[in-house]
Every structure is written in structure tokens, then in C-alpha cells.
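Notes follow once the structure below has been shown.
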Amino acid sequence: MPLPRATRRAVLGAALASPFIRPAHSQGLTPIRFILDWKAQGPHAWYYLAQSRGYFREAGLDVTIDQGEGSAAAVTRVMSGAYDAGFGDINAVIQNAAQRPGEQPVMVYLVYNRAPYAIIARADGPIRALKDLEGRQLGAPAGSATARMFPALAARNGVDGTKVRMAAIAPNLVEQMLVQGQVDAVAQFSGTSYMNFVGMGKDPEKDFRWFFYSDMGLDQYSNGVLVSQALLKNKPEAVRGLTAAINRAIHEVAKDPDAGIAELKRVEPLTDTAIEKQRLLYMLRAQMTTPETGTLGLGDLNDKRLEGAIETVVKTYELPRTPGVREVFLRDFLPPREARLLPVAG
């Protein structure tokens, strides 16, 4: 029996109001499940801004953004099929391309041109040189790209990595456990720990020792936007739209960081806006604005430099094969160079 007209109107109104019903504007759009590398922080602001300002929608995409638990873990989640795309570590892509060719995600837009990997120790602790890690405990989240690349750092600097005890730490406890002396050092993204120390009332420069991978012989690339093999093959225009929308949002946030932080605050109401703005600017200046991005534009990379990075990863992990550049990174979907030249961060 048909429902009375008034009842049908009520049911329809309830359905439209329900958060579990997709709004009409998403019909016909390509759904993309996107995972971040970490909990929502300042350097993630552009993804949320692209979403709220409709840049994804204009590109024909319906993007759902989830927070992550590590740069290497993000690669694994995309590779498993749980996500279509994400923000993850290129070195983890290299490892998977060597071990399971044809299944690995592929990076299509490099964000961190200079890797932010660092080993951090207390200034009043026993770690005064990298060699001092032998016989000590190094903490890191389970999905940490910094920890994943530690064997390469150790080998390059004459450290016996087998003598370093690795301890898995919950992402929200990394800096706390170091400060409390529960681990001797941590492997972490520099921008993450630096600003977390500031938030804890510590002086990052005076209270800690920093061992930056980039200063100790590892010229690696780091995080960027990566996509699954399925999305790459079945929806190439969606990949092109994704990179264009993210590139547009990065430039908007670089010109107006406060707008990006406002979006972050909307997503995470407990966000410390002052800290996250500093973290955002730190990553823009230290990891994203380099001589190379000044020449190539953000998103692209130097093939020779990537070949060297691939060789480092293959040698360190004794991988069964050496992937080619295009198995790891494709520039085919990048916006024009002129659209990728970063403005000076405010």
C-alpha cells in the first residue's frame, strides 16, 4: 500500500537530513578513500581545504579523508585496497615495488622534497653521537617511515643496527616517552616532534639533540600523494583531478596559512592553532621549499636523485630487485610547472 503523501514527505526529509545518506551533489562523482600519514596536523590543512572549498568536487571527486598512523603504514593501507590514495612515504613505495611489483602504490605528487627524518635524543641523555645508540632503545610508532629508514642511516654511519633495540610507541606518546626517559631516543619526523616539544613547554634547540638523516648521508625524498594501481589504471582522470585539487589547495594555504589552519580547526576542534600554524610553516620552509622545487616546481623530482634513493633502499634491505623510476613515481598527472611554483610562505 502506498504511503500517504505527508508520510512520504516526512520520510524523504529525514533521509535528506541523515548524515548517513550521501548528498545529491556527490552523485556521479568518483569516490576516493584517502588516508593521511598521521593525525591531523598543520601540514594536512590543504587536504581539508581542498575538500571544504569544493576543489575535489570540481575535479569530479568525492574524497573521504581519514587520519593515519605513519607514513609507511599509509602505503600499506593503499596497497591492501583499504584506500584508493593517500599521503605516504616514497621509500616504502620503493620497498613494495621491489618485493611485489605491480601491486605497489605509485607516487604522483611529491610533497616533502627534503626528508624530515630525524633521530632525537635528550640533551642530558647518553646519546651524544649516532654510534651511542648501540645497546640503547630507540622508540618510534609502528608505521614510522623514519624508523623504516633507520637501517640505511645506521649502515651509512657505521652503526650496528642489530645492537639498537627498537620499541614501538603509540603515536601520541612519542615525545612524552623521550622526555620521561622511557626510551633513549626516538625516530620521528622533525616537524612533528619539534612543535610537540614546544607544546610541552620544552626548548627544542636546547633540550634535545637532533640527528637529521639529510645531514648524515641520506639524501632521500619523503612523503607525497600516492595512488593505488587500480585507481591509476581504471580512473586516470581521477588521478589527474586529485593532484590538481591538492596542488591548488597547497598554494592557497601557502599564501594564507590562517585559512588552512581554520579548516584544520573545523575538523579537529581541539587543535592548538598557534602550534599547528608554526608546524605548517616549518614544513613549508624546511621540507617543501628547496632549490629543487624552485627549479622543478613542487610535486616533481629529479630522476637521478630518485635512482640514488632507490639504490640506497634496495641495498639496505637486500631487496630482490631494483625498481625503475616509473614504478615508484609518475609525473604524468602533474599540473603545469608554473602552477606548482610555491609562493613565499606567510
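The values are calculated or read from the model by the stated rules, or taken from the named source; none is laboratory data. In this text the structure is predicted, and so the values were computed from the model without any measurement. Cβ atoms come from the backbone with ideal geometry, glycine included; neighbour counts cover every protein chain shown. Calculation scope for accessible area: heavy atoms of the full protein, side chains included, ligands and nucleic acids excluded. Shrake-Rupley method; radii C 1.70, N 1.55, O 1.52, S 1.80 Å.
With respect to residue 123, determine if the residue is open to solvent by 40 Å² or more (accessible area, probe 1.4 Å), more than 17 Å from the chain's Cα centre (by Cα), over 16 Å from residue 70 (Cβ atoms) and of a type in the set (A, V, I, L, M). Walk me through how you get there before you give the answer.
Details: open to solvent by 40 Å² or more (accessible area, probe 1.4 Å): no; more than 17 Å from the chain's Cα centre (by Cα): yes; over 16 Å from residue 70 (Cβ atoms): yes; of a type in the set (A, V, I, L, M): yes.
Spelling it out, it is not the case that residue 123 is open to solvent by 40 Å² or more (accessible area, probe 1.4 Å), more than 17 Å from the chain's Cα centre (by Cα), over 16 Å from residue 70 (Cβ atoms) and of a type in the set (A, V, I, L, M).
Could you go through region 135-158 and let me know if any residue there is free of Cβ contacts under 8 Å to residues at least 40 places away in the same chain, crowded, with 16+ Cβ neighbours inside 10 Å and farther than 30 Å from residue 251 by Cβ.
yes
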Do we have residue 301 as assigned to a helix (DSSP H, G or I) and open to solvent by less than 20 Å² (accessible area, probe 1.4 Å) here? no
The condition of being at pLDDT 95 or above, surrounded by 15 or more Cβ atoms within 10 Å (Cβ to Cβ), over 20 Å from residue 35 (Cβ atoms) and among the basic types (Lys, Arg) holds, among 235, 163, 202, only for 202
Within region 96-107, does at least one residue satisfy the condition of being touching a Phe, Trp or Tyr at 6+ places or on another chain (Cβ under 6 Å), farther than 25 Å from residue 187 by Cα and not in a helix (DSSP H, G or I)? no
Mind checking whether some residue in region 307-316 is within 20 Å of residue 97 (Cα to Cα), part of a strand (DSSP E or B) and at pLDDT 95 or above? no
Of the residues that make up region 222-230, is at least one open to solvent by less than 20 Å² (accessible area, probe 1.4 Å) and part of a helix (DSSP H, G or I)? no
Residue 327 being under 16 Å from residue 115 (Cα atoms) and either assigned to a loop (DSSP other than H, G, I, E, B) or open to solvent by 20 Å² or more (accessible area, probe 1.4 Å) (or both): no
Scope region 262-284; condition open to solvent by 10 Å² or more (accessible area, probe 1.4 Å), outside any loop (DSSP other than H, G, I, E, B) and not small (Gly, Ala, Ser); matching residues: 263, 265, 266, 267, 273, 275, 276, 277, 278, 281, 282
Which residues, taken from region 108-130, are touching a Ser or Thr at 6+ places or on another chain (Cβ under 9 Å), over 25 Å from residue 241 (Cα atoms) and assigned to a strand (DSSP E or B)? 117, 118, 119, 120
